Amino acid sequence: MKKKSSKPAIGGILILIAGLLALVMGVMFLAFDSSDFESWGYDASDYDMSLSELDSVLGACGALVLILGLVAILGGVFAIMRKGFALAIIGGICGMVAIGFGLGALLSLIGLIIVGISKDEF
(Lines give C-alpha, C1' and ligand atoms only; values in the text may rest on other atoms or scores of the structure.)
Protein backbone atom coordinates (compact mmCIF):
# COMPACT_ATOMS: atom_id res chain seq x y z
CA MET A 1 0.00 0.00 0.00
CA LYS A 2 1.25 3.45 -0.91
CA LYS A 3 2.13 5.84 1.86
CA LYS A 4 -0.10 8.94 1.60
CA SER A 5 1.10 12.39 2.54
CA SER A 6 -0.09 15.88 1.71
CA LYS A 7 2.86 16.63 -0.59
CA PRO A 8 1.07 16.03 -3.91
CA ALA A 9 -1.90 18.13 -2.78
CA ILE A 10 0.32 20.99 -1.62
CA GLY A 11 2.38 20.90 -4.82
CA GLY A 12 -0.79 20.68 -6.90
CA ILE A 13 -2.33 23.66 -5.15
CA LEU A 14 0.79 25.74 -5.81
CA ILE A 15 0.78 24.74 -9.48
CA LEU A 16 -2.96 25.47 -9.66
CA ILE A 17 -2.45 28.97 -8.23
CA ALA A 18 0.36 29.57 -10.74
CA GLY A 19 -2.00 28.54 -13.53
CA LEU A 20 -4.68 30.92 -12.29
CA LEU A 21 -2.18 33.78 -12.18
CA ALA A 22 -1.15 32.93 -15.74
CA LEU A 23 -4.79 33.00 -16.85
CA VAL A 24 -5.25 36.46 -15.35
CA MET A 25 -2.07 37.67 -17.01
CA GLY A 26 -3.12 36.21 -20.37
CA VAL A 27 -6.52 37.90 -20.17
CA MET A 28 -4.79 41.19 -19.38
CA PHE A 29 -2.58 40.82 -22.47
CA LEU A 30 -5.65 40.17 -24.60
CA ALA A 31 -7.54 43.09 -23.05
CA PHE A 32 -4.96 45.72 -24.04
CA ASP A 33 -5.79 47.73 -27.12
CA SER A 34 -3.77 50.14 -29.21
CA SER A 35 -5.82 53.03 -27.84
CA ASP A 36 -4.53 52.15 -24.37
CA PHE A 37 -0.96 52.57 -25.55
CA GLU A 38 -1.74 55.89 -27.21
CA SER A 39 -3.28 57.18 -23.97
CA TRP A 40 -0.14 56.10 -22.09
CA GLY A 41 2.02 58.18 -24.42
CA TYR A 42 3.36 55.41 -26.65
CA ASP A 43 4.73 57.03 -29.79
CA ALA A 44 5.16 54.47 -32.57
CA SER A 45 7.71 56.69 -34.34
CA ASP A 46 10.16 56.15 -31.45
CA TYR A 47 10.19 52.38 -31.98
CA ASP A 48 10.42 49.89 -34.83
CA MET A 49 6.94 48.57 -34.07
CA SER A 50 3.61 50.10 -35.00
CA LEU A 51 0.60 50.01 -32.70
CA SER A 52 -1.10 47.34 -34.82
CA GLU A 53 2.02 45.17 -34.66
CA LEU A 54 2.14 45.67 -30.90
CA ASP A 55 -1.52 44.61 -30.70
CA SER A 56 -0.68 41.46 -32.64
CA VAL A 57 2.27 40.60 -30.42
CA LEU A 58 0.26 41.12 -27.24
CA GLY A 59 -2.58 39.03 -28.65
CA ALA A 60 -0.23 36.18 -29.49
CA CYS A 61 1.46 36.39 -26.09
CA GLY A 62 -1.91 36.50 -24.36
CA ALA A 63 -3.12 33.39 -26.19
CA LEU A 64 0.09 31.52 -25.41
CA VAL A 65 -0.02 32.45 -21.72
CA LEU A 66 -3.69 31.40 -21.55
CA ILE A 67 -2.86 27.97 -23.00
CA LEU A 68 0.08 27.51 -20.63
CA GLY A 69 -2.11 28.58 -17.72
CA LEU A 70 -4.80 26.05 -18.63
CA VAL A 71 -2.24 23.24 -18.82
CA ALA A 72 -0.84 24.32 -15.44
CA ILE A 73 -4.32 24.25 -13.91
CA LEU A 74 -4.92 20.80 -15.34
CA GLY A 75 -1.56 19.61 -14.00
CA GLY A 76 -2.34 21.03 -10.57
CA VAL A 77 -5.69 19.25 -10.46
CA PHE A 78 -4.08 15.96 -11.48
CA ALA A 79 -1.44 16.39 -8.76
CA ILE A 80 -4.14 17.02 -6.16
CA MET A 81 -5.96 13.86 -7.31
CA ARG A 82 -2.66 11.89 -7.35
CA LYS A 83 -3.25 10.77 -10.94
CA GLY A 84 -1.13 11.38 -13.99
CA PHE A 85 2.30 12.19 -12.58
CA ALA A 86 3.60 13.18 -16.03
CA LEU A 87 0.75 15.65 -16.56
CA ALA A 88 1.34 17.13 -13.10
CA ILE A 89 5.01 17.67 -14.01
CA ILE A 90 4.10 19.15 -17.41
CA GLY A 91 1.61 21.44 -15.68
CA GLY A 92 4.30 22.62 -13.29
CA ILE A 93 6.66 23.36 -16.16
CA CYS A 94 3.95 25.26 -18.04
CA GLY A 95 3.20 27.24 -14.88
CA MET A 96 6.85 28.27 -14.69
CA VAL A 97 7.05 29.25 -18.36
CA ALA A 98 3.80 31.24 -18.21
CA ILE A 99 5.41 33.40 -15.48
CA GLY A 100 2.11 34.62 -13.92
CA PHE A 101 3.32 38.04 -12.73
CA GLY A 102 6.60 36.48 -11.55
CA LEU A 103 4.98 35.02 -8.47
CA GLY A 104 3.40 32.25 -10.54
CA ALA A 105 6.78 31.03 -11.76
CA LEU A 106 8.08 30.80 -8.20
CA LEU A 107 4.97 29.03 -6.92
CA SER A 108 5.06 26.63 -9.83
CA LEU A 109 8.74 25.84 -9.25
CA ILE A 110 8.10 25.06 -5.59
CA GLY A 111 5.03 22.99 -6.51
CA LEU A 112 7.00 21.16 -9.19
CA ILE A 113 9.72 20.23 -6.71
CA ILE A 114 7.16 19.03 -4.15
CA VAL A 115 5.31 16.94 -6.75
CA GLY A 116 8.60 15.56 -8.04
CA ILE A 117 9.74 14.32 -4.65
CA SER A 118 6.35 12.71 -4.03
CA LYS A 119 6.39 10.62 -7.23
CA ASP A 120 5.83 7.38 -5.31
CA GLU A 121 2.40 8.58 -4.18
CA PHE A 122 0.97 8.66 -7.69
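The values are calculated or read from the model by the stated rules, or taken from the named source; none is laboratory data. What you see is a predicted model, and the numbers here were worked out from it, not measured in a lab. Quick reminder, even Gly has a Cβ in these numbers, built from the backbone with ideal geometry, and neighbours come from all protein chains shown. The accessibility values were calculated without ligands, DNA or RNA, using every heavy atom of the protein model including side chains. Shrake-Rupley method; radii C 1.70, N 1.55, O 1.52, S 1.80 Å.
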- Gained length - residue 39 relative to residue 122, 0.36 nm times residue gap less alpha-carbon distance: 24.7 nm
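Between residue 110 and residue 60, what length comes free when the chain is fully extended (0.36 nm per residue of separation minus the Cα-Cα distance, one decimal in nm)? Don't skip to the end; give the middle numbers.
On the way: separation 50, 0.36 × 50 = 18.00 nm, distance 2.76 nm.
Length gained between residue 110 and residue 60: 15.2 nm.
Can you tell me the accessible area per residue over the chain, all protein chains present, probe 1.4 angstrom, in square angstrom? If you can, show how the numbers build up before the last one.
Numbers: 6780 Å² over 122 residues.
Heavy-atom SASA per residue in the chain reads 56 Å².
What is the percent carbon and sulfur in the accessible area of the stretch 80-122, measuring with a 1.4 Å probe over the protein chains and ignoring ligands? Can you show the working numbers first?
Numbers: 1700 of 2180 Å².
That fraction is 78 percent.
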- Query: Each residue of the stretch 56-63 in order: what ³J(HN,Hα) in whole Hz does its phi give by Karplus 6.51 cos²θ - 1.76 cosθ + 1.60, θ = phi - 60°, with x for Gly and Pro?
  - Reply: 5, 5, 5, x, 5, 5, x, 5
- Given 37 °C, 0.692 mPa s and a Kirkwood radius over Cα pairs, the Stokes-Einstein diffusion coefficient of the stretch 62-111 in µm²/s is 320 µm²/s
- Message: Please compute the contact order of the stretch 1-101 in relative form: average sequence separation of alpha-carbon pairs under 8 Å and at least six residues apart, divided by the residue count, as a percent.
- Response: 44 percent
- Item | In sequence order, calculated HN-Hα J values of the stretch 76-81 (Karplus, 6.51, -1.76, 1.60; Hz; x Gly/Pro) | x, 5, 5, 5, 4, 7
- Label-point separation (nm) for residue 3 and residue 46, each offset 7 Å from Cα along Cα-to-Cβ? 5.9 nm
